[in-house]
Amino acid sequence: MSATMKSGEDAGAGAGAGKGRAGAVRRVRAVRTRGGLSLRLDLRAAVVGLLLLAVALAVAVALVGSGDYPMTPGEVLASLTGGGDPGQQYIVQELRLPRVLVGLLVGVAFGISGAVFQTVSRNPLGSPDVLGFAQGSSVGALIAIVYFQAGAFGVAAGAVAGGVGTGIAIFLLAWKQGIHGYRFVLVGIGASAMLYAMVLFLMTKANIVEATRATTWMTGSLNGRDWDQVQPLAALCAVLVPLLLFYGRPLRMLEMGDDAAYALGVRVDRVRIVVLLAAVVLVAAATAAAGPISFVALTAPQLARRMTLPRWLKGGGGAPMPGPNLVLSALMGAVLLVAADWATQRLFGADQLPVGVLTGVLGGGYLLWLLATERKAGRV
């Protein structure tokens, strides 16, 4: 009798779990066009994406209206559309709008790049902060500052060169019949430690003025950003973000393992190389524009993933979890960065605290929580 009751309970639990899984599956809809094209639409992800987009735009408008000369959202929107008095138009379009646009673009670049690194490495800790790419950009920028006394353009060029060079070196060191996640993460962590030592060495070679400038840059800040930083970063994002989205389906297939991806017709090595190179260039360009703002690339994909997971998958228990959504990771990165910049201005005043300090404090706490969660779920 008890065995019968137990089996009935197990069947009921299995039916309930199956129902939960079915509910998760039913949220995905197939959309067909008149031309015969079809695509899968995850309704929950679409709703979350729209909410993140709305939050990013709302915070951006609030950020443009913040400062020594506060403006209402209505005045900000009027100045953006050509209305308002000339003074307001100058403040919005020449002083504050470029800073906000750099924040949005840098957040998008860090968010989508972090999602790519975490998907390829199959590791929630596989982000540019951990794998050494941000440190490589810092080394390049410091060389430009200390040895060439370069201006803003030279520092940006050095950061891009350092980031891309670090990426190529890590690829070559991690390559052995392809790039595999575990080896890629280990090589990246080793490169990060070596590059950080180089940063300390370069700081010892700098005079007081150069050291102060280098420290400010390495903290990560949106202060003083203008249209010179917006235009090249926007051009790169316009090319590389769609490229990464195009490879989104093969990336999802890589989550099932190389053998399964090969069986489904995915050119595994080619996909990895293309998406990693695109992500490295995006990280280098974003770092050149705003400095190595920490933990956005690590945190954004994980938060975006947890906002779209079905409840029965959030419990862990050693169950494999799907990788980050690229679009949602990009939007989450934009939200995190502009929200952090708005918070620093509201709490400490304009240009008083670099945004990289706040993201570092919050991101460090999140990293500890993530490690504890992954250990509890049996995934680390």
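The values are calculated or read from the model by the stated rules, or taken from the named source; none is laboratory data. Because the structure is predicted, anything quoted here is derived from the model rather than measured. Neighbour counts are summed over all protein chains in view; Cβ atoms, including those assigned to glycine, are modelled from backbone coordinates with ideal geometry. Protein only, heavy atoms only, side chains kept; ligands, DNA and RNA dropped before computing areas. Shrake-Rupley method; radii C 1.70, N 1.55, O 1.52, S 1.80 Å.
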Segment 173-206: trypsin sites (Lys or Arg not before Pro) falling in loop per DSSP and having at most 15 other Cβ within 10 Å: K176
Å² per residue, accessible surface of segment 168-213 at 1.4 Å: 65 Å²
Residue list for segment 131-167, given a label point 7 angstrom along the Cα-to-Cβ vector of T216 and an amide N cut-off under 20 Å: 138-160
Prolate/oblate/rounded label for segment 102-234 (Cα gyration tensor, a/c 1.5): oblate
Long-range amide H partners of D42 with built H, under 5 Å: R29
³J(HN,Hα), Karplus 6.51/-1.76/1.60, whole Hz, each residue of segment 268-273, x for Gly, Pro: 4, 5, 5, 4, 4, 5
Cα gyration tensor category, rounded, prolate or oblate, for segment 179-249 with a/c compared to 1.5: oblate
Extended-chain gain in nm, criterion 0.36 nm per residue less alpha-carbon gap, T81 and L264: 61.0 nm
Accessible area in square angstrom per residue, segment 259-312, 1.4 angstrom probe: 35 Å²
Mean-position separation - Cα centroids, segment 76-128 and segment 144-185, in angstrom: 23 Å
Sites M256 and L371 - FRET efficiency at Förster radius 35 Å, r taken between beta-carbons, to 0.05: 0.85
Additional length obtainable on full extension of the chain from R249 to M203, 0.36 nm per residue less Cα span: 12.2 nm
Spin-label proximity, L186 to segment 232-273 - amide N less than 13 Å from point 7 Å beyond Cα toward beta carbon: none
Backbone HN-Hα couplings from phi across segment 250-266 [Karplus 6.51/-1.76/1.60, Hz, Gly and Pro as x]: x, 5, 4, 5, 5, 5, 7, x, 5, 5, 5, 5, 4, 5, 8, x, 7
